[in-house]
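To start, the structure under review is shown below, and the notes come after it.
The values are calculated or read from the model by the stated rules, or taken from the named source; none is laboratory data. This is a predicted model, so every value here is computed, not measured. Every residue, glycine as well, gets a Cβ built from its backbone with ideal geometry; the counts of neighbours run over all protein chains shown. Surface areas here come from the heavy atoms of the whole protein model, side chains and all, with no ligands, DNA or RNA. Shrake-Rupley method; radii C 1.70, N 1.55, O 1.52, S 1.80 Å.
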Amino acid sequence: MNAFELLLLHRDFGPSRQFSQTADVVGCSESTLRRRAEQWNWVERLADYDSGMLQQASEARTKKDLQRYKHQLETFRQEQLARARTVGDRAEDLLAMVERSVRHHLEAGTVLQGRELPSVMAAACKALEGAMNIEATALGVAQLLEEFRG
C-alpha cells in the first residue's frame, strides 16, 4: 500500500484512531506507520479532516432541526387559521340568529325579552373576539416563518 492509501485507512478509524489499529489491519509495523505519518503530516491533516467532518455534521443537524421546527410552526399556523375560521363562522351564525330573532319580533310586533338577547349577543361578540385572537396568533406565526425564509 502506498502512503496515501494508508492515510485513508487510518482516517477511517475515526477521531479515536490508533496507529496500532492500522498497523494490525495492513500488516506492517507501527513504527513504519509513524514514520509515514510524520513524513506526510498525518496528524495535522487528520485533525483538519475530523474538525471539518464534525462541523458538517453539526451544520446538517442544525439545518434539520430548523426545518423540523419550521414545519411544526407551519402546521400550527394552518391549524390556528382553521380554528379561527370555524369560530368566526359560528359567531356569524349566532349574530344571524339574533338578527332573525329581532326581525321576527319586529314583524310580529312583540316586545323583545331582555333576558335572552344580551346573553346571545355577548356570546357572539366573545366568539368573534376569540376568532380574531386565534387569527392574530396564526399571523404572528406567519411572521416567524417569514423570518426563517429570509
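Looking at the stretch 105-132, I want the residues that are under 16 Å from ASP89 (Cβ atoms) and assigned to a helix (DSSP H, G or I) and have a partner that is among the aromatic types (Phe, Trp, Tyr) and at pLDDT 80 or above with Cβ atoms under 6 Å, at least 6 apart or on another chain. Which pairs are those? Filtered contacts from the stretch 105-132: no entries. Among the residues of the stretch 63-80, is there at least one that is at negative phi, within 42 Å of the chain's Cα centre (by Cα) and assigned to a loop (DSSP other than H, G, I, E, B)? No - not one qualifying residue is present in the stretch 63-80.
Output yes when any residue across the stretch 59-78 is open to solvent by less than 80 Å² (accessible area, probe 1.4 Å), of a type in the set (Gly, Ala, Ser), over 30 Å from MET132 (Cβ atoms) and free of Cβ contacts under 8 Å to residues at least 60 places away in the same chain, and no when none is. Scanning the stretch 59-78, I find at least one residue that is open to solvent by less than 80 Å² (accessible area, probe 1.4 Å), of a type in the set (Gly, Ala, Ser), over 30 Å from MET132 (Cβ atoms) and free of Cβ contacts under 8 Å to residues at least 60 places away in the same chain, so the answer is yes. When the stretch 1-33 is limited to residues that are surrounded by 14 or more Cβ atoms within 10 Å (Cβ to Cβ) and of a type in the set (S, T, N, Q), the one that is farthest from LEU46 (Cα to Cα) turns out to be GLN21.
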